[in-house]
Structure formats: C-alpha cells, structure tokens
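Worksheet: one structure, shown below.
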Amino acid sequence: MGLIQREIERAGIPTISVSIVRKLTEEVKAPRAVFLRWPMGHPLGEPGRVDQQTVVVKRALEALEKIKEPGTIVDLPYRWRRYDDIRKDVVIT
Amino acid sequence: MSSFKNRLLARIFTRFPSLVERAAEKAAPLKIEGIPWTPVTKPLKESTVALVTTAGVHLASQKPFDMEDPDGDPTWRELHSDIPREEYTITHDYYDHRDADRDLNIVFPIDRLQELKEEGLIGGVADTHYGFMGHIAGAHVDTLIKETAPEMTRKLVAAGVDVVLLTPG
C-alpha cells in the first residue's frame with residue numbers, strides 16, 4: 001500500500017493511509033499515515049460499526065491536513081473492540 | 001502454496017497481528033530513498049477524495065486477482081462509486097476477509113466517504129476508485145512501482161482528484 005501511496009504523492013496528489021502494520025508503513029516510508037493496532041482485514045473496524053468506520057476516516061482526513069513532516073505516522077488511541085475509545089478526542093499536531 | 005494453506009495462514013495472521021510484524025521483519029528489505037511529498041493546499045471541504053484499497057476488492061464482473069502467482073498480482077481494477085455494493089467481491093487469500101465480505105466498508109469505506117460529502121466535510125467523492133491486491137513481492141514490486149501504480153496515478157490526476165485515502169486488507 002505504501003509503495004502505491006508514494007507514487008500518487010510523487011505525482012502531486014496529497015495522500016493519507018490507514019496502517020495496521022506499523023513496521024511496513026515505516027519501512028516503505030509512506031508520506032502520511034494513521035496507525036491502529038487492529039487485526040488484518042479490519043483497517044476501518046468491524047462490519048456494521050458505522051461509528052468506528054466514520055471515526056477512522058475522519059481522523060485520517062484530519063491527519064492529512066495537519067501532518068507537516070513527511071513520513072509521520074499518527075497513532076490513533078482506539079483499542080480493538082473497546083467501544084468507549086472511539087469517543088476519545090485526538091489532537092493531531 | 002495452496003490456496004487452502006494461504007487462507008489458513010491468513011486466519012492465523014488476523015488473530016495474531018504480532019506475527020505479521022515478525023513476517024515483515026523477515027522480508028527482504030527494500031531500498032527506499034526519500035519520502036515524496038505534496039503539501040495540502042486545498043481545504044477538505046472543497047476537495048474531491050478518491051479511495052485506493054489494497055484489500056483485493058474488485059467487481060464480480062472483472063478478472064479476479066491472480067492467486068496462483070506466489071509474488072502476487074500488481075494490476076489494478078477500477079471501482080466505480082455508483083455500483084451496487086453487492087456487485088463487489090474480494091479476491092485475496094492472504095488475509096481473512098470474511099468480515100469484509102459482510103461489510104465492504106471495513107476495507108473500502110465508500111459509503112462512509114459518501115456520508116462525509118453529504119455532511120459537507122469533503123467537497124466530493126471521485127467517480128472512480130482503485131483496487132489492488134496487497135501482497136506483492138519479487139519482480140512484481142518493480143512492475144508495481146514503475147508501471148501499474150504510475151498508470152493508475154495518471155488516471156487519478158486526469159480525473160482531477162485532490163486527495164487519496166489508502167486502505168489495506
């Protein structure tokens with residue numbers, strides 16, 4: 001995913017990715033990413049959990065606007081299946 | 001590797017994410033120099049957003065990704081916004097996509113993006129998104145970087161896309 005992201009960014013379109021394997025995202029030097037320690041196949045959460053999916057997409061787009069340093073990975077504080085977590089505020093600096 | 005074995009491994013990896021980290025450590029390191037960078041200059045509420053997923057999403061009517069090649073499949077499929085969700089399918093043996101089969105949005109958040117447009121948070125949703133299969137190795141890495149990813153990128157540029165959100169499988 002990171003390799004494709006780099007090509008898009010190189011062509012002049014800003015990008016943001018949702019990472020669930022931090023090490024891979026670090027190694028391919030993705031321009032911008034948000035990271036969740038969530039299982040493979042679930043970058044946006046669980047089926048039917050619109051609230052989870054929405055919060056991840058929103059945080060990713062916020063990170064896109066806020067990240068100024070190339071290669072930044074923002075760790076999102078949402079633990080897997082801890083539904084209270086998704087109400088946590090995130091300050092992306 | 002047989003498709004059954006892949007699927008079994010995929011289930012184990014899904015259950016134990018730390019194993020994925022370890023597999024990533026063992027993989028041959030790629031030589032990657034620098035970080036491409038395009039600053040964001042347009043407000044999100046005026047921006048058209050496209051999705052690129054590496055979760056193996058494609059339309060049932062399109063050619064499935066090649067699961068026989070151990071190095072994966074570096075090609076992409078066009079995914080249109082206005083296609084009924086049940087026409088989408090996933091071909092990818094390297095992660096457990098039973099949940100994603102039930103709700104595509106957990107790997108390809110097309111409906112969530114549409115809602116953000118209605119909410120006015122983003123300016124628009126691109127008509128066309130792109131699906132890759134995210135298990136590319138060996139010679140296909142070169143094909144991806146030099147041919148297929150730039151080819152797809154030219155289409156994003158031509159369509160006037162302002163922002164791309166990428167999601168894995």
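The values are calculated or read from the model by the stated rules, or taken from the named source; none is laboratory data. The structure presented is a predicted model; accordingly, all values stated were derived computationally and were not measured. Note that each Cβ is placed from the backbone with ideal geometry, even for glycine, and that neighbours are counted across all protein chains shown. All accessible areas refer to the heavy atoms of the entire protein, side chains included, with ligands and DNA or RNA removed. Shrake-Rupley method; radii C 1.70, N 1.55, O 1.52, S 1.80 Å.
Summary table
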item	result
Of all residues making up the range B:74-94, the number that are crowded, with 22+ Cβ neighbours inside 10 Å, modelled with pLDDT of 95 or more and over 24 Å from B:A158 (Cα atoms)	1
Residues that are in contact with a Pro (Cβ under 7 Å, 6 or more places away or on another chain), touching a residue at least 24 places away in the same chain (Cβ under 8 Å) and either closer than 26 Å to B:Y94 by Cα or more than 9 Å from chain B (Cβ to nearest Cβ) (or both), drawn from the range A:38-75	A:P39, A:P43, A:L44
Conditions (1) assigned to a loop (DSSP other than H, G, I, E, B); (2) open to solvent by 40 Å² or more (accessible area, probe 1.4 Å); number of the one not met by B:D101	(1)
Set B:A159, B:A137, B:A126: member being closer than 22 Å to B:E68 by Cα and out of contact with any Pro (no Cβ under 7 Å at 6 or more places or on another chain)	B:A137
Checklist (1) out of contact with any helix residue (DSSP H, G or I) (no Cβ under 8 Å at 6 or more places or on another chain); (2) hydrophobic (A, V, I, L, M, F, W, C); (3) surrounded by fewer than 20 Cβ atoms within 10 Å (Cβ to Cβ) applied to B:L44, failing item	(1)
Cβ-Cβ under 8 Å pairs, at least 6 apart or on other chains, the range A:3-25 side at the interface with chain B (Cβ under 7 Å from one of its Cβ atoms), far side of a type in the set (K, R) and surrounded by 20 or more Cβ atoms within 10 Å (Cβ to Cβ)	A:P14/A:R32; A:T15/A:R32; A:I16/A:R32; A:S17/A:R32
Residue match in the range B:51-67 (condition: part of a helix (DSSP H, G or I), at pLDDT 95 or above and closer than 20 Å to A:V21 by Cα)	no
